[in-house]
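Chemist: Let me begin by handing over the structure; questions about it come next.
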Amino acid sequence: RGSSSNSRGALVVLEGLDRCGKTTQSSRLVQYLEGLGHSAELWRFPDRTTSVGQMISSYLSNESQLDDHTIHLLFSANRWEKRSLMETKLKGGTTLILDRYSYSGVAFSCAKGLGFEWCKAPEVGLLTPDLVLYLDISPERAAERGGYGCERYEQIEFQNKVAKCYQLLVDSKWQIIDACRPMEDIEKELQEIVLDCVKRCQNGEPLSHLWS
Ligand code: NYM
């Protein structure tokens with residue numbers, strides 16, 4: 001498909017507070033793109049299937065304790081271990097819909113009090129998304145959605161700090177989506193934005209690296 005020799009898949013990231021709806025929306029987006037005949041995959045960070053991912057998973061469920069810097073670097077390592085496959089997929093024409101990425105890494109660690117620049121440093125050199133969809137919802141509204149589970153970070157006060165840290169990361173690749181609306185309305189809006197992005201990448205938009 002693609003009209004240029006530099007045609008590639010799009011790298012699309014969904015971000016937001018816990019329970020903002022991005023997991024549902026990302027899988028719907030993949031279904032939508034596949035329905036149109038595009039090659040698309042849903043990826044999640046953390047990827048809990050790798051050995052680094054298993055360390056992260058046990059930390060998140062409070063089965064293990066780790067120093068804040070250590071867990072930050074593990075989250076980053078978990079993205080680095082997928083970096084080359086990510087590039088291969090994109091260049092092969094597959095669009096990747098990512099449920100969380102480096103922005104979660106920075107926002108959640110920065111909310112704990114780690115330095116903003118320190119948090120960004122290990123992400124430098126990863127692929128820059130073509131589009132970041134931020135599903136915007138207040139922590140109070142998010143918590144109403146069936147309530148938080150018992151994983152680390154799922155508390156309103158902490159989520160407020162995360163939201164503030166996310167704001168420091170907003171750039172021209174971001175689109176802020178009002179996530180308090182009915183799910184179908186959000187779905188429609190995302191479909192339009194993402195399809196437009198997929199088309200741009202088919203026309204040979206170059207890949208770049210964080211943070212630029
Ligand atoms: N999280 C996620 C981080 O703290 N740093 C990261 O780099 C990433 C990718 O992990 N509360 C946090 C955000 C979530 C938690 O994510 C697990 P999910 O989407 O609930 O599985």
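The values are calculated or read from the model by the stated rules, or taken from the named source; none is laboratory data. Quick caveat: nothing in here was measured; it's all calculated off a predicted structure. FYI the Cβ positions are ideal-geometry reconstructions off the backbone, even for glycines, and counts take in every protein chain you see. Keep in mind that these areas ignore ligands, DNA and RNA; they rest on the heavy atoms of the full protein, side chains included. Shrake-Rupley method; radii C 1.70, N 1.55, O 1.52, S 1.80 Å.
Chemist: Quick test for you: out of 73, 114, pick the one residue that is open to solvent by 40 Å² or more (accessible area, probe 1.4 Å), more than 19 Å from residue 26 (Cβ to Cβ) and modelled with pLDDT of 95 or more.
Modeler: Values: 114 fails: open to solvent by 40 Å² or more (accessible area, probe 1.4 Å).
Exactly one residue qualifies, and that residue is 73.
Chemist: Check off (1) farther than 24 Å from residue 137 by Cβ; (2) among the hydroxyl-bearing types (Ser, Thr, Tyr); (3) open to solvent by 10 Å² or more (accessible area, probe 1.4 Å) for residue 59 and give me the number that stays unchecked.
Modeler: Of the numbered conditions (1) farther than 24 Å from residue 137 by Cβ; (2) among the hydroxyl-bearing types (Ser, Thr, Tyr); (3) open to solvent by 10 Å² or more (accessible area, probe 1.4 Å), the odd one out for residue 59 is (3).
One line per residue, one yes/no per condition, for (1) touching a residue at least 60 places away in the same chain (Cβ under 8 Å); (2) assigned to a helix (DSSP H, G or I):
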position	(1), (2)
129	yes, no
132	yes, no
140	no, yes
150	yes, no
177	no, no
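Chemist: Only residues in the stretch 45-67 that are on the phi > 0 side of the Ramachandran plot count as the first member; pair them with residues that are surrounded by fewer than 17 Cβ atoms within 10 Å (Cβ to Cβ) and in a loop (DSSP other than H, G, I, E, B), Cβ under 9 angstrom, at least 6 apart or cross-chain, and list the lot.
Modeler: What qualifies is 62/150; 62/151; 62/152.
Chemist: Right, another one. For residue 207, which of the numbered conditions (1) open to solvent by less than 80 Å² (accessible area, probe 1.4 Å); (2) under 21 Å from residue 41 (Cβ atoms); (3) in a helix (DSSP H, G or I) fails to hold?
Modeler: Every listed condition holds for residue 207 apart from (3).
Chemist: OK, next. Hey, can you tell me all the residues within the stretch 190-204 that are assigned to a loop (DSSP other than H, G, I, E, B) and either open to solvent by 70 Å² or more (accessible area, probe 1.4 Å) or free of Cβ contacts under 8 Å to residues at least 12 places away in the same chain (or both)? Full working, then the answer.
Modeler: So the first thing to find is which residues in the stretch 190-204 are assigned to a loop (DSSP other than H, G, I, E, B), and the list is 203-204.
Matches in the stretch 190-204: 203 only.
Chemist: Continuing with this model, one more query. Filter the stretch 84-104 down to the residues that are out of contact with any strand residue (DSSP E or B) (no Cβ under 8 Å at 6 or more places or on another chain) and open to solvent by less than 10 Å² (accessible area, probe 1.4 Å) and list them by number.
Modeler: Matches in the stretch 84-104: 102 only.
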